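Structure first, commentary second.
The values are calculated or read from the model by the stated rules, or taken from the named source; none is laboratory data. Note that the coordinates shown come from a computational prediction; the quantities given were computed from them, not determined experimentally. Here the Cβ is made from the backbone with ideal geometry for all residues, glycine too, and neighbour counts use every protein chain on show. What goes into the accessible areas is simple: the full protein's heavy atoms, side chains included, and nothing from ligands, DNA or RNA. Shrake-Rupley method; radii C 1.70, N 1.55, O 1.52, S 1.80 Å.
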Amino acid sequence: MGQAPTGKPTSFDIAYLAGVSQPTVSRALRGSKAVSAETRAKIERIAKELNYTVDKNASSLRSQRANTLALLFFEDPTPDESMINPFFLSMLGSITRACANRGYDLLISFQQMSGDWHNEYQDSHRADGLILLGYGDYQLYESRLTQLQAQGTHFVRWGAVRDDNIGMTIGSDNFGAGEMAGQHLIALGRRNIAFLGTASDQYPEFQDRYAGLQKAKADAGLSVDDALRADAITTEDAGYIAARQLIESERDFDAIFAGSDLIAIGAMRALNEAGRILPEDVAIVGFDDIPAASLTSPPLTTLMQDIKGAGAALVDALIAQVESSDAVSASMPAKLVIRKSCGA
């Protein structure tokens, strides 16, 4: 192998030194899985030795790509003015890091719910694809996803992973997590376990979490009817109202599994106002492990979703679409984080 040419290094210089084609170098430096790990490592090492940096403008002109992904948040009601669910906000860092590792820039905005997302992002070459976080009422949102799919827009979303998903979906194993929450509470001797969250086709993630809880209760020989359930969306106020409804129903309950940490935090406030002692009278489990979960009194036991893995999975799945590689929806396990709201 001869000496690489002198002057400003190019991808052709790297290809020459690595003994591969220039397109292989381009794919490797974009992190494409179509290039073997061994070859990619070799190319990255040579690029580092040559102090080579990717010319994103030239690359975009050749490929008609922006080398940019768009992360679009759904506007959720929040106590502050962010209008971003704190769980999705905590996912931002992992998505940003995953994009950087794959050589992509990240454009961050809100979902405008207009009829021409493809014109605003992909067709205008502002972004090569969309990462969608949050959706509100899924039955209303479904038509938007159908439209994006029909337009050929590259997109991936975080949500409930089901056989009838529209487009690519990455999400937690909500059923398994709900079952885990139920098993934990039952192991602590709790028998009348309530669920707070709108468990319907409008909110499929809550629906799957509730189904998992019901499975745990059925396996333990406990009642699985809907008497101990109150609807709530993912806000503290909704959790407070749902818990008040549960208390005022005068039904006997000694534990609550909340569909989200925000719902759980609102429920804890209602329980405290009603004189219910946590966890002696009522044990409570949330879902998400947002930063506030460890700051409640008592600290909240919750299901932690894999934020780091989620960011990488979302980015990898979207880039695979952009590069016409194989990619499938994926469900990721959650982890039980035990704190004092369950007494153990």
Qualifying positions in the stretch 319-344 - over 20 Å from D173 (Cα atoms) and either part of a strand (DSSP E or B) or among the hydrophobic types (A, V, I, L, M, F, W, C) (or both): I319, A320, V322, C342, A344
Residues of the stretch 13-54 classified as in a loop (DSSP other than H, G, I, E, B), under 27 Å from A327 (Cβ atoms) and either small (G, A, S) or open to solvent by less than 60 Å² (accessible area, probe 1.4 Å) (or both), total: 8
R209 among the basic types (K, R) and open to solvent by 30 Å² or more (accessible area, probe 1.4 Å): no
Residue match in the stretch 311-324 (condition: closer than 27 Å to D226 by Cβ, touching a residue at least 40 places away in the same chain (Cβ under 8 Å) and open to solvent by 10 Å² or more (accessible area, probe 1.4 Å)): no
Output for the stretch 140-182, where each listed residue is hydrophobic (A, V, I, L, M, F, W, C), part of a helix (DSSP H, G or I) and within 29 Å of K335 (Cβ to Cβ): L145, F175, A177, M180, A181
Top-ranked residue of the stretch 71-102 - restricted to ones that are modelled with pLDDT of 90 or more and of a type in the set (G, A, S), ranked as most open to solvent (accessible area, probe 1.4 Å): A100
Evaluation of D226 against (1) at pLDDT 95 or above; (2) among the acidic types (D, E); (3) open to solvent by 40 Å² or more (accessible area, probe 1.4 Å) (one fails), failing number: (1)
The stretch 267-300, subset farther than 21 Å from Q245 by Cβ, in contact with a strand residue (DSSP E or B) (Cβ under 7 Å, 6 or more places away or on another chain) and outside any helix (DSSP H, G or I), residue least open to solvent (accessible area, probe 1.4 Å): D288
Where R190 falls short, out of the listed (1) within 27 Å of E75 (Cα to Cα); (2) of a type in the set (K, R); (3) in contact with a strand residue (DSSP E or B) (Cβ under 7 Å, 6 or more places away or on another chain): (1)
Residues that are at pLDDT below 90 and among the basic types (K, R), drawn from the stretch 25-47: R27, R30, K33, R40
Tabulated pairs, the stretch 266-284, first farther than 14 Å from T296 by Cα and modelled with pLDDT under 95, second surrounded by fewer than 16 Cβ atoms within 10 Å (Cβ to Cβ) and β-branched (V, I, T), C-beta under 7 angstrom, 6+ apart or interchain: none
Output for the stretch 228-266, where each listed residue is charged (D, E, K, R) and closer than 12 Å to I284 by Cβ: D254, D261
Single unsatisfied condition, S329 versus (1) under 30 Å from R102 (Cβ atoms); (2) modelled with pLDDT of 95 or more; (3) in contact with a strand residue (DSSP E or B) (Cβ under 6 Å, 6 or more places away or on another chain): (2)
Near pairs, Cβ below 8 angstrom, 6+ apart or cross-chain, from the stretch 62-90 (small (G, A, S)) to any residue that is at pLDDT below 80 and not in a helix (DSSP H, G or I): A66/H125; A70/Y121
Number of the exception - A4 against (1) under 33 Å from the mean Cα position of the chain (by Cα); (2) modelled with pLDDT under 80: (1)
Residue in the stretch 244-265 that is open to solvent by 40 Å² or more (accessible area, probe 1.4 Å), touching a helix residue (DSSP H, G or I) at 6+ places or on another chain (Cβ under 6 Å), touching a residue at least 12 places away in the same chain (Cβ under 8 Å) and not charged (D, E, K, R) present: no
Residues of the stretch 220-239 satisfying the condition of being over 25 Å from the mean Cα position of the chain (by Cα) and either under 9 Å from G266 (Cβ atoms) or assigned to a loop (DSSP other than H, G, I, E, B) (or both): A220, G221, L222, S223, V224, D225
Those residues of the stretch 166-206 which are touching a residue at least 60 places away in the same chain (Cβ under 8 Å), within 24 Å of the chain's Cα centre (by Cα), closer than 21 Å to A227 by Cβ and surrounded by 18 or more Cβ atoms within 10 Å (Cβ to Cβ), in sequence order: G178, A181, G182, F195, L196, G197, T198, A199, Y203
